[in-house]
1. Looking at segment 280-287, is at least one residue among the hydrophobic types (A, V, I, L, M, F, W, C), touching an Asp or Glu at 6+ places or on another chain (Cβ under 9 Å) and either at pLDDT 90 or above or within 30 Å of T160 (Cβ to Cβ) (or both)?
2. Tally time: how many residues in segment 213-245 are closer than 16 Å to G296 by Cα, of a type in the set (A, V, I, L, M) and within 21 Å of the chain's Cα centre (by Cα)?
3. Cβ-Cβ under 7 Å, sequence separation 6+ or interchain: first residue in segment 339-351 and touching a residue at least 40 places away in the same chain (Cβ under 8 Å), partner of a type in the set (S, T, Y) and not in a strand (DSSP E or B). Which pairs?
4. In segment 261-280, which residue that is more than 22 Å from T315 (Cβ to Cβ) and part of a helix (DSSP H, G or I) is nearest to the chain's Cα centre (by Cα)?
5. For residues in segment 45-97 being over 20 Å from the mean Cα position of the chain (by Cα) and modelled with pLDDT of 85 or more, which is surrounded by the fewest Cβ atoms within 10 Å (Cβ to Cβ)?
6. Can you tell me which of G261, G296, G291 is surrounded by fewer than 18 Cβ atoms within 10 Å (Cβ to Cβ), outside the structural domain of L98 (by TED's automatic domain parsing) and at pLDDT 90 or above?
7. Could you list, in sequence order, all residues of segment 281-333 that are in a helix (DSSP H, G or I), more than 23 Å from R179 (Cβ to Cβ) and not hydrophobic (A, V, I, L, M, F, W, C)?
8. Do you know which of the residues in segment 23-44 that are within 22 Å of T160 (Cβ to Cβ) and either at pLDDT below 80 or of a type in the set (V, I, T) (or both) is surrounded by the most Cβ atoms within 10 Å (Cβ to Cβ)?
Amino acid sequence: MKVTMKTIASEVGTSIATVSLALADHPRVNDDTKERVRQASLRLGYCTPSELAARSQRGSRDAELPKPLVKFLVLGGRNRLSVASEVLSPLMGLPSQLGMRLELDGLVEGPDAVPGAKPHADAATLDWLRVHAVEAQALILHGVVPPEVIPVLTETGTPTVTIGPIPGPLPEAATLRLRSVGYDEVGAGRRATQALLDLGHRRIALVTARGTAGLYYDRWEDGYRLALSRAGIPCDERLIDRRGDRITGAPGHPFYAVPGGEPTAYVVPDPSHLDRAQAVVASSGGTLSPGQVVLGGTLGSRQSSNCVEYPAIYTDASLLVSTALRQVSDLLAASPGPILTVQLPHLSVHLDRLMPPTNA
């Protein structure tokens, strides 16, 4: 059987791209991995000691080594692909600086997302992903990553960074190189709620939506409930509005059937739902003050919703993507090991503008 770089990669437990870079003595590959690749190439008869020395010498002076191909794959339709393209636009010089080539592609068609359901992938989605995983030396997956994707990554051995939570159940850490980059939405929901509790608010509404189970909206709600629990305040389910169903646009249950009175403050994870809180206050002849609200979302969503004056705990999509690119660069030169989760801190603005309840 002919020995190839794929044979060496399988023997050493690394990627073909890493084998190529190691044999060229590339500085992005650590010394331990280089030595294991060299020993395997000699043991398997891929090259002789003199050929190995020539490869290393040639690689050290060759500035035009082929750069590994990294595919940035967007799961979730045309709108998400458009957003990812806008985020990547100012960062397109970074992949080259990190020694990689980057291609953007998106899965426009796929199984419909069902509010409250767990993410899933059909056969066509997995075939689409498998093709890209074989073609590329590494992947970045942006969007809701279904658990069915993990066996594909295990099968292909493609180093992968997910933007957002890694779905479970996960295989043994030694079988693949996988990392996730994201924000702590539970912490954001808790922090937003706590900021209002600290000012004396006790009737705090959560204006949210029914999204994919276990992800963004659910995690903000978990943080909201956690803050109330720690403050010894029972969670009034009537103060949680989930009518903002971004997936189907379906109407929800009547909001704020609260005999004890309307909320005095609002936590709104998505700025596009702010109008619902405004409508509640307007229905009783009032006007919602920015001092009664803490928003979530991204820097871009706050700007597009024209609510930059509101207090917010938000994320920076550019920082998220640039961190994912750097994690991919690390993974290309790494061996399989513990699955790593990188959590970025949320940004906050205008929290000092929050006001106590008027009856406090």
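1. No, segment 280-287 contains no residue that is among the hydrophobic types (A, V, I, L, M, F, W, C), touching an Asp or Glu at 6+ places or on another chain (Cβ under 9 Å) and either at pLDDT 90 or above or within 30 Å of T160 (Cβ to Cβ) (or both).
2. Summing the residues that are closer than 16 Å to G296 by Cα, of a type in the set (A, V, I, L, M) and within 21 Å of the chain's Cα centre (by Cα) in segment 213-245 gives 1.
3. V342/T323; L344/T323; H350/Y310
4. Q278
5. Among residues in segment 45-97 that are over 20 Å from the mean Cα position of the chain (by Cα) and modelled with pLDDT of 85 or more, the one surrounded by the fewest Cβ atoms within 10 Å (Cβ to Cβ) is G93.
6. None of the other options fit; the residue is G291.
7. Once the filter is applied, which keeps residues that are in a helix (DSSP H, G or I), more than 23 Å from R179 (Cβ to Cβ) and not hydrophobic (A, V, I, L, M, F, W, C), segment 281-333 yields S283, P290, G291, Q292, G300, S301, R302, Q303, S304.
8. V37
The values are calculated or read from the model by the stated rules, or taken from the named source; none is laboratory data. Note that the structure is predicted; figures quoted are calculated from it, not measured. Cβ: placed from backbone, ideal geometry, glycine included. Neighbour counts: every protein chain shown.
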